[in-house]
Amino acid sequence: MPLIVRMFHPAFFGFSDDYIGSSYDKNHTSFLAVIFPRTNLLSQMFKILARAIHTHSHLKPMITIPLKSFSFIMKYAKQSLIALVFLVVFLPVLAALPTFPDETETERDARMEWWRDAKYGMFIHWGASAELLGKWEGRPRGDGYNILRGVKMPISDYAEALSHFNPVDYDPEEWVLLAKEAGMKYIIFIAKHHDGFALWDTQASEFDIIDHTDYDRDILKELAEACAKYDMKLGVYYSHSRDWYHPGGAIAGSDKRWDEAQNGDFNEYLKTVAEPQVRELLTNYGPIAVMWWDMPEDITLEQAERLNALMSLQPGIIANDRLISGSGDFDTPERYIPSFRDPPDRDIEACMTIGKYWVYSETDREWKSEQQLLRNLLNSVGRGGNLLLNVTPDEKGNIIPENTERLLVIGTWLDQYGQSVYGTRQGPFRHWPAGSATVKGNTLYLHVYDWPNDGSLHVPIGNVPLEVSSLGKSGQSLSFESTPDGLLIDVPREPLEPMVSVLAVELSEPAIAIRQGYLPDDEGVYDLTPRIGERRGAWIHIEDNAIVRWTNSTYRMNWPMYVEEPGTYRVEAVYSCSPKLAGDTYQVKIGECIFNAVFQPAESFESFTIGTIDFDNAETVEVELSLPKIMNAGDARFHAVRLVPELTIEK
């Protein structure tokens, strides 16, 4: 399978992750936003072109040239004019270069079909670092893998601690059967994480389960056999660039090596450790359905091509986007649900945790509820993606009860309502206040979170249904009425299912959504909070329905709102702000109207008026929040963009 590197992505020109933010956050990033920081019109023109190429695969130019020469040129292209001349002169040449051979859209669709139908997978973050119990020297340290980096531990001390790993309760068949009972259709297993420890009998290093511990079993081999026995698709996670143990491995962002034992040449590390290990994984463990790369740091296109070439060892394999920026078959938003995309231009898989940490920690107490986890799945599926839900086996090899109990509850729900999840595609609604939706053919499945207390469920579609019914044990036909404002379904006063009720709407053609966007409350106020917003950036951190961290100035938070009552609205920003951030600017854009405002100091949430806006018509309007500077934890808590009616116009 050829490596696809999109032209106009920053990594194509050799910009590092520190320069552009998350290496796999590509929502709205264009290298011209960096090269032409003051040439906004030109930047926007190229952004539009880049997005067109991104969206329409037949327009994607596949370019097979090393990054290094471009990185050097762009590094010293200080002036926009120099960069512009470079682009004008060289882009026509680049477009004429030979491309990677590429499969047809039909062939790609066939290869991706099982994955698109599966919707739900199990992520297994486990390794010898579980032996640390999430602590070091008696203090909680969070994720096991990251303890090595977090405390800048000597490599020898870390290796000695992991040598005691002895997962005597490990039972791979039990794991696979749990995944099946939970309704999961594939497993992604951590073969090697950033700490460099391999959970198989690798010949490329002695830092593995066989050579470094007294546990004389190939963990991956046994899991692969169990997956084959129970018809469960298996994928492997492999940290190919970042490796804190082996000499030459990449570290993380701007971090420096803290132990002389880490010193070495990165290319040599790839040749002697990463490449032979990937070859082992794709050769010795039967069918591998997914290659889940992680952290493309320090890697060039030529180096990534060497790893990518090994994928041919597994015909039909699917890969994520983290081998090098812009590569692979699907994107991987981490810890958040992807935004609605129309049309859905890239396959996508959200990866999320059940607790706070990715790896077992006996101090983890922040468990998400069964209902929240189920809604995460349904929101992912309703927006055209999959959900990869992480479990955290303990140091003995047991998937902990806090994981198991929640998975089984979701599995029971899927036993009854799985037809509304598996094999479906993205629903028509960018936002539907009552819940989420999926489609299968001309059937629209409604996942209702907030059951109406007046016996009438509003669905914003313009179609006249053939039939509406509820699913599950209470399955029954429901009466309905089609109105200019959408479909009204007569429903019982009480929810049909305690977690999420499901209705099926049979149509004669695909569902047509109308009146898209958030609606006002009973007072006509639009309260646009982070919890209901669409994150356009990987590392926008939200706690208690407030943005607390914003790590890249290119990020955005978006809300579609439907203007029910035309008129004049007061625009407010609701936040708390420390003196440190006070005086810095932020921007709210509503349609084409831009409000530039300055943070004011506030110890608790306060509402600050930043302007007014007039709406002449009932329509859907886009609201966007952007912060031109990085906001760290403790700087501020941004709670809402609020629109309050001052004068409405009679219809």
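I need the trypsin sites (Lys or Arg not before Pro) found in region 408-507, filtered to DSSP loop residues with at most 10 other beta carbons within 10 Å of theirs. Provide the component values of the computation, followed by the final result.
Details: sites: Arg425, Arg430, Lys440, Lys473, Arg493; in loops: Arg430, Lys473, Arg493.
The qualifying sites are Lys473, Arg493.
Please tell me the relative contact order of region 524-616 in percent, rounded to the nearest whole number, where contacts are Cα pairs under 8 Å and at least six residues apart. Each step should come with its number before you reach the end.
Numbers: 139 pairs, mean separation 24.0, N = 93.
Result for region 524-616 is 26 percent.
DSSP loop (so not H, G, I, E, B), at most 11 other Cβ within 10 Å: list which GluC sites (Glu not before Pro) in region 532-607 pass both filters.
Listed in order of number, the matching sites are Glu592.
Could you give the length gained on full extension between Glu107 and Ala228, defined as 0.36 nm per residue of separation minus the Cα-Cα distance, in nm?
41.1 nm
Once phi is turned into ³J(HN,Hα) by the Karplus curve 6.51 cos²θ - 1.76 cosθ + 1.60 with θ = phi - 60°, what whole-Hz value does each residue of region 606-622 show in order, with x for glycine and proline?
10, 9, 10, 6, 10, x, 10, 9, 9, 10, 8, 9, 6, 6, 8, 10, 8
Ranked from the most accessible area to the least, with a 1.4 Å probe and all protein chains present, what is the order of Asp345, Asp394? Walk me through the numbers before you get to the answer.
Details: Asp345 50, Asp394 25 Å².
Sorted descending by solvent-accessible area, the residues read Asp345, Asp394.
Take Glu173 and Arg306, extend 7 Å from each Cα along the Cα→Cβ direction, and tell me the distance between the two endpoints in nm.
Here the answer is 4.2 nm between the modelled labels.
What FRET efficiency, computed as 1/(1 + (r/R0)^6) with R0 = 25 Å and r the Cβ-Cβ distance, is obtained for Glu260 and Ile630, rounded to the nearest 0.05?
Once rounded, the FRET efficiency stands at 0.20.
Output ³J(HN,Hα) for region 298-314: one whole-Hz value per residue in order, computed from phi by the Karplus curve 6.51 cos²θ - 1.76 cosθ + 1.60 with θ = phi - 60°, and x for Gly and Pro.
6, 8, 8, 4, 4, 5, 5, 4, 5, 5, 4, 4, 5, 5, 5, 5, 10
Restricting attention to region 341-394, which GluC sites (Glu not before Pro) occupy a DSSP loop and are surrounded by at most 11 other Cβ atoms within 10 Å?
The qualifying sites are Glu366.
How much length is gained on full extension from Gln371 to Glu509, taking 0.36 nm per residue of separation minus their Cα-Cα distance?
Once the chain is fully extended between Gln371 and Glu509, it gains 46.5 nm.
Mind listing the long-range amide H neighbours of Val491? Cut-off is under 5 Å, sequence gap 5 or more, other chains count too, H placed in the peptide plane at 1.01 Å from N.
Under 5 Å from the amide H of Val491: Ser456, Leu457.
Taking the solvent-accessible surface of protein heavy atoms with a 1.4 Å probe, what is the per residue accessible area of region 312-355 in Å²?
Using a 1.4 Å probe on heavy atoms only, each residue of region 312-355 averages 25 Å².
Return the long-range amide H neighbours of Val290 (sequence gap of 5 or more, or a different chain), with a cut-off of under 5 Å between placed amide H atoms.
Gly235, Val236, Ile318
Testing the spin-label approximation: label points 7 Å from Cα along Cα→Cβ at Gln416 and Asp216. State their distance in nm.
Here the modelled spin labels are 5.1 nm apart.
Given a 1.4 Å probe and every protein chain left where it sits, what share in percent of the accessible area of region 505-571 is carbon and sulfur?
Answer for region 505-571 is 40 percent, counting heavy atoms of protein chains only.
Rounded if a/c is under 1.5, else prolate if a/b beats b/c, else oblate: with a ≥ b ≥ c from the C-alpha gyration tensor eigenvalues square-rooted, which is region 430-480?
rounded
Hey, what do the phi angles of region 256-264 turn into as Karplus ³J(HN,Hα) couplings, whole Hz, using 6.51/-1.76/1.60 and θ = phi - 60°, x for Gly and Pro?
Each residue of region 256-264 in turn: 10, 4, 10, 9, 4, 5, 7, 5, x Hz.
Quick one: which of Lys152/Lys580; Lys589/Lys629; Lys356/Lys396; Lys119/Lys180; Lys580/Lys629 span more than 23 angstrom between C-alpha atoms?
Working: Lys152/Lys580 29 Å; Lys589/Lys629 17 Å; Lys356/Lys396 20 Å; Lys119/Lys180 13 Å; Lys580/Lys629 12 Å.
With Cα atoms farther than 23 Å apart: Lys152/Lys580.
Using 0.36 nm per residue, how much length does the chain from Lys473 to Arg531 gain when fully extended, once their Cα-Cα distance is taken away?
Gain on stretching Lys473 to Arg531: 17.7 nm.
Given a 1.4 Å probe, how much area per residue of region 115-216 is accessible, in Å²?
Dividing the accessible area of region 115-216 by its residue count gives 35 Å².
Take Ser163 and Ala618, extend 7 Å from each Cα along the Cα→Cβ direction, and tell me the distance between the two endpoints in nm.
7.4
Give me the accessible area per residue for region 510-600, probe 1.4 Å, as a whole number in Å². Please list the in-between numbers first.
Values: 3690 Å² over 91 residues.
Solvent-accessible surface per residue comes out at 41 Å².
Would you mind telling me the share, in percent, of accessible area of region 217-260 contributed by carbon and sulfur at probe 1.4 angstrom?
43
The values are calculated or read from the model by the stated rules, or taken from the named source; none is laboratory data. These numbers come from a predicted model, not from an experiment. We place every Cβ from the backbone using ideal geometry, glycine too, and count neighbours over all the protein chains shown. Keep in mind that these areas ignore ligands, DNA and RNA; they rest on the heavy atoms of the full protein, side chains included. Shrake-Rupley method; radii C 1.70, N 1.55, O 1.52, S 1.80 Å.
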